């Protein structure tokens, strides 16, 4: 038979009022036990699931920013080799984008809104792509889950 921590093992040692009180409050006691047990289990499983979710989202954002950085560095390298007037004219945007990507936090911090910063980088990247008339689509965009 199930024995709750709220009910005495030996009913003969209890007063009749305590027995009636236990009967009246049994649902509340069992509900609290179930909540406590579920909370403990959920907290441990939630931490593991949250870690994996954060890890994968971080990897996705990192891959996307790496792609953007590669495109920017490629355009800057073309400028050094060819002195393309389009690149010279928009070099400031390229350098700003490169600086934003390089300053993106490597570790999670509550002071920095990582998603807003990533959106700013995406927006500037699209602007740069429009200026250079190149496709701004991230090739792995269909694999992103956010």
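Exactly one residue out of 35, 6, 2 is modelled with pLDDT under 85, surrounded by 10 or more Cβ atoms within 10 Å (Cβ to Cβ) and farther than 30 Å from residue 120 by Cβ, and it is 6. Of all the residues in segment 73-103, those that are more than 14 Å from residue 125 (Cα to Cα) and at pLDDT 90 or above number 1. Among the residues of segment 108-133, the ones that are at pLDDT 85 or above and either assigned to a loop (DSSP other than H, G, I, E, B) or touching a strand residue (DSSP E or B) at 6+ places or on another chain (Cβ under 7 Å) (or both) come to 4 in all.
Answer yes or no: is there a residue in segment 48-65 that is exposed (fewer than 15 other Cβ atoms within 10 Å of the Cβ), more than 27 Å from the chain's Cα centre (by Cα) and either outside any helix (DSSP H, G or I) or at pLDDT below 90 (or both). Within segment 48-65 (the criterion being exposed (fewer than 15 other Cβ atoms within 10 Å of the Cβ), more than 27 Å from the chain's Cα centre (by Cα) and either outside any helix (DSSP H, G or I) or at pLDDT below 90 (or both)), the answer is no, since none of the residues qualifies.
The values are calculated or read from the model by the stated rules, or taken from the named source; none is laboratory data. Keep in mind that what you see is a predicted model, and the values were worked out from it rather than measured. When we count neighbours, we look across all protein chains shown, and the Cβ atoms used for this are built from the backbone with ideal geometry, even at glycine.
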